[in-house]
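Peer 1: What follows is a single structure, and I will ask about it in a moment.
The values are calculated or read from the model by the stated rules, or taken from the named source; none is laboratory data. If you're wondering where the values come from, they're calculated on a predicted model, not measured in any experiment. Positions of Cβ are backbone-derived with ideal geometry, glycine not excepted, and every protein chain shown enters the neighbour counts.
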Amino acid sequence: MFRGIQFVPPDTKIDFVGFRTITWIVSALLTVGPLLLVWTIGLNMGIDFQGGTLIEIQTKQSPADLGGIRSKVSNLGLGEVQIQEFGAPNAVLIRIASQPTEQEQQQSIAKVKEALGEDVEYRRVEIVGPTISGELIASGTLAVVVAMIGILIYVWFRFEWQFGVAAVASLVHDVTATIGLYSILQLEFNVSSIAAILTIIGYSLNDKVVIFDRVRENLRKYKRMPMVELLDLSINETLSRTVLTHVTTFLALLPFLFFGGEAIYGFALAMVFGIVLTCYSSIFVASPLQLILGMRRDAFSAAPASSKERGTAAARA
Amino acid sequence: MLHFQRWKLILVATVVTLGLLYALPNLFPSSALQGVPTWLPHKQVNLGLDLQGGAHLLYQLDEKDLVEGWLNTIRGDVRETLRRGRIGYTDLAQNTATRSVSVKIREPGDMDKAFEELKKLAVPVGADVFGGFAGNDIEVERQGADSIRLTITDPGLTHRMTSAIQASIETIRRRVDAMGTTEPSIQREGRDRVLVQVPGVSDVERLKNLIGETGKLEFKLVDPAADALQVAETKQVPPGDELVYSTDDPPLPYVLKDQVLVSGQNLDDAQPGFDGQTGEPVVTFRFDAAGAKRFAKVTQENVGLPFAIVLDNKVISAPVIREPILGGTGQISGKFSVQEANDLSVLLRSGALPAKLSVIEERTVGASLGADSIESGKMAAYWGMALVVIFMFVAYGLFGLFANIAMLINVAIIFAVLSLMGATLTLPGIAGIVLVIGMAVDANVLINERIREEIRTGKSPFAAVEAGYKRALTTIIDSNVTTLIGVLVLFWMGSGPVRGFATTLTIGILASLFTAVTVTRLMVAYWLRWKRPQEIPI
């Protein structure tokens, strides 16, 4: 019978933690670099966070006359206007800067419709007023922070504080690196980007918890093993799972990049990037961080483990 | 672990069957479900506005406008009260910034009486959260020796805001219903907002015009003494008059008497129709008893003079009163198109909004874009699913097959729960389902890896499988709970499409705990008992 292919051989022994000088530098770059990127080239803020009007149209003629549309819309005196092709030659995305008041915001769309006439089909219109955009920034930031705190508390409660701090620190790494992706590719940063970031946080943690779980188990099992060796052992033991899980989620989401359409492209790209990133940070950031944080094994022998867990530990020892 | 009690078996089988059964209607076009008897599952997943097209409009009630309108009423009440009490006053004024009306009493001797009378205008507002008395809606206080000030209180404003939002929702519902759209959703958001979601609407501009118009109808007399053109030019409006423009293009100025003869509140009905002589579209209306009486009196007294029909401070038409209108019915003609006449009658029937509403967020998706999104979402999801199924089989053989069956059941349960809850599926929601597919098989990856490890320690097939499931369980729960934390935050902060993503992800993760752990274990257990293998093909 077909047994399946073991992609990662069971006796794999890679000295992951041994690379730590190199990976620390890489991780630091992935954490700090994006901040520099955001500071220098900035984020391509979508209308969700900036306010403004977004209109997606489809013209009868293909390709669309971008120049004509640009001159018609630019002459309306609505401030900064961006025109770009969107997915298909006859699909055009028009972005108009935020107007001073909600009323003018509403009027801007009427003006555009008048200028472009009847020949175009309005596929999507989004108007975000100045009130809402401010709130969306606040609630988006709050959501990321609340999620982090919730995770810190849960991991602290289920494991040890070192695990919690290591988890959150590596999540910060994941978040800033993802923001860096948005900045360097100038992908539109909007509410669905926040959704992508929150999902990456949840997904990334899922992965780290599995390794932490193994570290905890091995701490009980091998009481005298040096920490570096023990971390390496735990990462290697769970390596097959780590790789397979990332491959399945990666394969599941990859088609969205090709078939998902323009509307979800940015979201899908961030998610696919996040999956690869998470794989890296689980192995090279979260686990070695425990070395620095001074994980002590006596925390476990002294900790009042539940009777069930104690039974397991005893059985394995 | 591998032995299942009968009742557990039945429970699992029931859940799986129900999941498949309730997911089933989603495989058919909705037209095919018309003939299905209601006792059979027939509900389909609601598609979000991004998939079926439609308008999402978030309105904010203009607090300043509400306060201004209320201060106007208070000022009128003060005037009325003092007049009734025969108390002389001057400097009756309102101030929107301080939310107050102030008045000066002429005779110092009248102060006490005036104060007592005006205090009666204050009305206690509903209890606060603790069930205690929250206070009056207006605070009446003396200002120096000869002035009285009436200020709107915070609880008063909150109370008024709440009822204004409720009234707005009622009014909007009547207006949107009149457009004949299916299943609009109109709900309060926060303190001063109304969210209107109308699926499948094509003419969004018309919808917005219909909702956003305040719809305040007033009948006023035209001041025959004033020369409108001259007043418009010099901006010197005679006392007791006001300058109002018409809806014509270009707008014509009218000088109207300040006093409202009859207002839209007295309307009983309004219907679109055609003028008997000219055949042009008109709106016919009927007053209630009080309105009819007042209208009869006014028209009797002003035969031969023009009066103006004013909607939201714009003159629609200004006909001359040819004869007293005693029946309480009339018609408004204003060079309308058929649709305009229809919309105006809807506006009048639905009543006025308590204050101005402005759109602060609008997201509209055309039906064609929605259909395209469904197509691309489906395409991507099928591919994603196919890749995962192939990969799992390649990685784990038979056990991968078990995981795949469980994953498909998981997807069915997601659809079943979405259909039953009446939850909404959005494009990001489809991505959520696909992500769940990846994460659901993750539980099986964990289990299968554990089983491999246990086999390497030399355990028998039964023992290895049993230990694999047992050991993996805590890890699976820990990892899923942490994911859920992120997702629940998303559900709490997100709206529309993003919330749809959080919904499918939450349902999927919870369902995966059942399918990936219990359902696969059942399959593996039966397989083990049936084949009694010497070794596990994993």
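Peer 1: So B:Gly190 ticks every box in (1) surrounded by 15 or more Cβ atoms within 10 Å (Cβ to Cβ); (2) within 14 Å of chain A (Cβ to nearest Cβ); (3) not aliphatic (A, V, I, L, M) but one. Which box is left unticked?
Peer 2: Among (1) surrounded by 15 or more Cβ atoms within 10 Å (Cβ to Cβ); (2) within 14 Å of chain A (Cβ to nearest Cβ); (3) not aliphatic (A, V, I, L, M), B:Gly190 violates only (1).
Peer 1: Also, I was wondering about something else. When you look at B:Gly85, is it out of contact with any Ser or Thr (no Cβ under 6 Å at 6 or more places or on another chain) and buried (at least 18 other Cβ atoms within 10 Å of the Cβ), yes or no?
Peer 2: No; evaluated as a whole, the condition is false for this residue.
Peer 1: Would you pick out the residues in the stretch A:227-248 that are within 16 Å of A:Thr278 (Cα to Cα) and within 12 Å of chain B (Cβ to nearest Cβ)?
Peer 2: Within the stretch A:227-248, A:Thr238, A:Leu239, A:Ser240, A:Arg241, A:Thr242, A:Val243, A:Leu244, A:Thr245, A:His246, A:Val247, A:Thr248 qualify.
Peer 1: How many residues are touching a helix residue (DSSP H, G or I) at 6+ places or on another chain (Cβ under 6 Å), polar (S, T, N, Q) and either within 24 Å of A:Ile211 (Cα to Cα) or facing another protein chain (nearest Cβ under 7 Å) (or both) when one looks only at the stretch B:419-472?
Peer 2: Matching residues across the stretch B:419-472 total 2.
For every residue, the table says whether it meets (1) of a type outside the set (Asp, Glu); (2) surrounded by 22 or more Cβ atoms within 10 Å (Cβ to Cβ); (3) under 24 Å from B:Gly494 (Cβ atoms).
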| position | (1), (2), (3) |
| --- | --- |
| B:Gly328 | yes, no, no |
| B:Gln339 | yes, no, no |
| B:Gly351 | yes, no, no |
| B:Lys356 | yes, no, no |
| B:Glu361 | no, yes, yes |
| B:Ala381 | yes, no, yes |
| B:Ala406 | yes, yes, no |
| B:Met421 | yes, no, yes |
| B:Ala431 | yes, yes, yes |
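Peer 1: When you check B:Val441 against the structure, is it assigned to a helix (DSSP H, G or I), among the β-branched types (Val, Ile, Thr) and surrounded by fewer than 20 Cβ atoms within 10 Å (Cβ to Cβ), yes or no?
Peer 2: Criteria not met by B:Val441.
Peer 1: State whether the residues of the stretch A:145-159 include one that is within 30 Å of B:Val359 (Cα to Cα) and facing chain B (nearest Cβ under 9 Å).
Peer 2: Yes.
Peer 1: Sticking with this structure for a sec: Going through B:Ala386, B:Ala412, B:Ala381, B:Ala395 one at a time, which residue ends up being over 30 Å from B:Ile211 (Cβ atoms), away from chain A (no Cβ under 12 Å), of a type in the set (Gly, Ala, Ser) and in a helix (DSSP H, G or I)?
Peer 2: None of the others qualify; the one that does is B:Ala412.
Peer 1: Further question: Output the number of the condition that B:Ser373 fails; it satisfies all remaining conditions of (1) closer than 19 Å to A:Val8 by Cβ; (2) facing chain A (nearest Cβ under 8 Å); (3) among the hydroxyl-bearing types (Ser, Thr, Tyr).
Peer 2: Unmet condition: (1).
Peer 1: Among the residues of the stretch B:215-259, write down those that are in a helix (DSSP H, G or I) and without any contact (Cβ under 8 Å) to a residue 12 or more places away in the chain.
Peer 2: B:Gln230, B:Glu233, B:Thr234
Peer 1: Need pairs with beta-carbon distance below 9 Å; first residue farther than 21 Å from B:Val411 by Cβ and more than 7 Å from every other protein chain (Cβ to nearest Cβ) and within the stretch A:249-272, second surrounded by 19 or more Cβ atoms within 10 Å (Cβ to Cβ) and charged (D, E, K, R); sequence gap 6+ or separate chains.
Peer 2: Listed by first residue and then by second, the contacts come to A:Glu262/A:Glu56; A:Gly266/A:Glu188.
Peer 1: Moving on. Check off (1) within 9 Å of another protein chain (Cβ to nearest Cβ); (2) in contact (Cβ under 8 Å) with a residue 12 or more places away in the chain; (3) in a helix (DSSP H, G or I); (4) crowded, with 19+ Cβ neighbours inside 10 Å for A:Thr131 and give me the number that stays unchecked.
Peer 2: Failing condition for A:Thr131: (4).
Peer 1: Okay, next question. Can you tell me which of B:Gly458, B:Gly438 is at pLDDT below 90 and on the phi > 0 side of the Ramachandran plot?
Peer 2: B:Gly458
Peer 1: Can you pull out the residues in the stretch B:352-370 that are at the interface with another protein chain (Cβ under 7 Å from one of its Cβ atoms) and either at pLDDT below 85 or assigned to a helix (DSSP H, G or I) (or both)?
Peer 2: B:Ser368, B:Leu369
Peer 1: Being within 12 Å of the chain's Cα centre (by Cα), part of a loop (DSSP other than H, G, I, E, B) and not small (Gly, Ala, Ser) is the filter here, so list the residues in the stretch B:180-191 that pass it.
Peer 2: Passing the criteria: B:Glu183, B:Pro184.
Peer 1: Which one of these is aliphatic (A, V, I, L, M), surrounded by 24 or more Cβ atoms within 10 Å (Cβ to Cβ) and in the same structural domain as A:Leu291 (by TED's automatic domain parsing): A:Leu152, A:Leu181, A:Leu187, A:Leu198?
Peer 2: Result: A:Leu198 is the single residue among A:Leu152, A:Leu181, A:Leu187, A:Leu198 that is aliphatic (A, V, I, L, M), surrounded by 24 or more Cβ atoms within 10 Å (Cβ to Cβ) and in the same structural domain as A:Leu291 (by TED's automatic domain parsing).
Peer 1: For a quick check of your reading of the model, give me the residue pairs whose first member lies in the stretch B:1-20 and is of a type in the set (Phe, Trp, Tyr), whose second is surrounded by 13 or more Cβ atoms within 10 Å (Cβ to Cβ), with beta-carbon atoms closer than 7 Å and at least 6 apart or on different chains.
Peer 2: B:Phe4/B:Leu522; B:Phe4/B:Ala525
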